[in-house]
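The values are calculated or read from the model by the stated rules, or taken from the named source; none is laboratory data. All of these numbers come straight from a predicted model, not from anything done at the bench. No Cβ is skipped: glycine too gets one built from the backbone with ideal geometry, and neighbour counts run over all protein chains shown. The area values use the complete protein model at the heavy-atom level, side chains included, leaving out ligands, DNA and RNA. Shrake-Rupley method; radii C 1.70, N 1.55, O 1.52, S 1.80 Å.
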Amino acid sequence: MFTHLFVKNFAIIEDAEISFRDGLTVLTGETGAGKSLIIDSIDLLLGERANSELVRNGEDKATIIGTFKFNNKRLGALLDKLEIEHVDNVLEINRTISTSKSVVKVNNKVVTLNELKSIAKYLADIHQQFDMIKLLNKDNYLDIVDGFRYELIEEYKNKYLASLNELKEEEKKYHDLENKIQEIKDKRDIYEYELKELKALHLEEGELESISQEISLLKNYDKIYSLLAECKEIIDRDSVNDIYELKNNIEKVNEYQSDYQEILEKLNDHYYELSDIYETISKKFSHLDYDPRRLGELEDRKQELNIATKKYHKTIEELIEYQANLENLLKNDEDLDISLKEEREALKTKYSETYKLASDLSTIRKETAKNIEKELMANLNDLGLKNRFEIIFNVKETSEDLSSSIFLESGIDDIDFYIETNVGEGLKPLAKIASGGEISRIMLAIKALFIKSQKISTVIFDEIDTGISGEIARKVALKIRDISLSSQVIIITHLPQVASLSNNHIKISKEVKGGRTYTSIKELNLEEKIYEIALMISGGKVTPSQLEYAKEMVINKD
């Protein structure tokens, strides 16, 4: 239940407070007085996105605070999950809107807009004039039907969507393999030529680097020979033997004085290292040989490898891997065909599983639709529409090509609302034949049914009685009052019939002071209420007879 609203610096509302009670509360007043701003402010409390342009001119921020009482275990569990305290099941939602940032708090804890929306769906349902347009667009009909058994349908839909994602993965695997096989068939001649060419090269990993090093050696043979010869000559001057003698002498000194142990260890290390170096240099020098024929062969081989790497845009290692892949591709045709059959069977199995889950979802919807049809026709009859109403299902069939295109995020159902508003005319699409007044009544009938099925504690209507007058207006008023017997109803109305049945009547008006427009809000007493209803009847100057008629309407509510 919505108990209190505080609005400050919101458009033409400077500072306003409204207390709400059980039953039916009507908001009346002239056009532009600010009635819709009250609904807009409540909508913001329920998670609508904020627009900083609605901050009152000259102010830096707008503040909207709403207080709700609830008795819903699921909401309590959600608040616990979000770590929001809720003493005595009371929630205060505070929204601050400014040009720099907007802040949302629930019981003084900052929450995200998505978190607020998840909370708000348990607090109230708000109907705005735009909802009428939704009723004329068949793309919204699935959402309307699903809303009547949201949690059950969501459970079925989640299973279906999980399977659909797996199906799309299977479908991709199958088509990737199919494309791969087709590519092999289309390019077999090219692949066979490339494989033959690569095999003829006898590629080896690291070969190009090894060839480059050997070419460098042969091209710089004279320099390398000269430098190595000089190194060998230096070593042959007894330098290693001198170090050996030095090492022996230090060993003897160390026998008399241990302070030379560290020097001895270093000499040992250097001696053996130099010995190894000497052996290596000597070996390389002795094996050093210049072969001009070998240089030519290496340069030819290097050019051959470079041509291959440039042609295929791959390194030698990548060419070796590509050669192996070509061999596998060309020798595994039969294996790939077998794999394709296996993949198709896997795809077929997943396709059937997904269609079964989609059909289960469709079955739940059809059961829901039957209940909606039955109760909706009863509600429409109360509202003066003696009609037939059917929800027509067009369910997509399976396709032999196993394409996932028949599966939408919403399932395999396409539905339309059909109605017969005149006896004998037959069922026709709702969007094509309903008038404005009929759409208002159909929407009210749907809302009444939805509120009942979902046990919504608070419902807010923004001029749901548009386009209605006369005896039908009385029927609409009675239906709205019936809703208010089980749920708190807050409604903007221009119908005196609706206002006369209210438990609480709030008048919204505006005035200009000092060059600024201000909205004022007043809860009417019985006498003021009767006068306001007489004013709604007259549309101008109130006569005594209109006052008497308004009084009769308020007193005789049935």
request  = Determine the shape class of the chain: with a ≥ b ≥ c the square roots of the Cα gyration tensor eigenvalues, call it rounded for a/c under 1.5, and otherwise prolate if a/b is greater than b/c, oblate otherwise.
outcome  = prolate
task = Only Lys, Arg, Asp and Glu count, each charged at its Cβ (+1, +1, -1, -1), so figure out the dipole size of the chain about its Cα centre, rounded to 20 debye.
result = 4600 debye
request  = Heads up, I need the accessible area for residue 270: 1.4 angstrom probe, whole protein in place, Å², nearest 10.
outcome  = 100 Å²
Of 450, 418, 429, farthest towards positive along the dipole that unit charges on Lys, Arg, Asp, Glu beta carbons give segment 389-489 = 450
ask   = When only the heavy atoms of the protein chains count and the probe is 1.4 Å, how do 363, 309 rank by accessible area, highest first?
value = 363, 309
inquiry  = Keeping all protein chains in the complex and leaving out DNA, RNA and ligands, what accessible area do you get for residue 335 with a 1.4 Å probe, in Å² to the nearest 10?
reply    = 90 Å²
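Quick one: of the DSSP bridges fully inside the chain, what percent are antiparallel, nearest 5?
Working: 48 of 64 bridges.
So the antiparallel bridges in the chain amount to around 75 percent.
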inquiry  = Accessible area per residue for segment 48-138 in Å², computed with a 1.4 Å probe and the full protein assembly in place, what is it?
reply    = 60 Å²
remark   = Checked segment 1-54 against the a/c 1.5 cut and the a/b vs b/c comparison, axes a ≥ b ≥ c from its Cα gyration tensor; verdict oblate
message = If you count only protein heavy atoms and use a 1.4 Å probe, how large is the accessible surface of residue 360, to the nearest 10 Å²?
response = 40 Å²
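Arrange the peptides 374-382, 493-501, 8-16 so that the one whose residues have, on average, the most other Cβ atoms within 10 Å appears first. Could the numbers behind the result be given before it?
Details: 374-382: 17.3, 493-501: 24.3, 8-16: 19.4.
Order by mean packing, descending: 493-501, 8-16, 374-382.
Largest first, what is the accessible-area ranking of 507, 35 with a 1.4 Å probe? Don't skip to the end; give the middle numbers.
Numbers: 507 60, 35 10 Å².
Largest accessible area first, the list is 507, 35.
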remark   = Averaging 1/r across every pair of distinct alpha carbons in segment 288-418 and inverting yields a Kirkwood hydrodynamic radius, in angstrom, of 21.9 Å
message = Need the C-alpha centroid separation for segment 402-432 versus segment 504-558, integer Å.
response = 44 Å
ask   = Normalised by the number of residues in the chain, what is the relative contact order in percent for Cα pairs under 8 Å and 6+ residues apart?
value = 22 percent
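Summarise the accessible area of the chain (1.4 Å probe, protein heavy atoms) by the percent that is carbon and sulfur.
Details: 15120 of 31330 Å².
Carbon and sulfur: 48 percent of the exposed surface of the chain.
Rounded, prolate or oblate: which one fits segment 1-94, using the alpha carbon gyration tensor with axes a ≥ b ≥ c (rounded when a/c is under 1.5, else prolate when a/b beats b/c, else oblate)? Display every interim value, and only then the final one.
Values: a/c = 2.57, a/b = 1.55, b/c = 1.66.
Here segment 1-94 falls in the oblate category.
Just the number please: accessible area per residue for segment 431-558, 1.4 Å probe, all protein chains included, in Å². Before the final figure, lay out the partial values.
Working: 5930 Å² over 128 residues.
I get 46 Å² per residue for segment 431-558.
Hey, what number do you get for the chain at 222 nm if only DSSP H runs of n ≥ 4 count, each worth -39500 (n - 2.57), divided across all residues, to the nearest 500? Let's see the in-between values first.
On the way: 20 runs with 321 residues, N = 558.
Calculated mean residue ellipticity at 222 nm is -19000 deg cm²/dmol.
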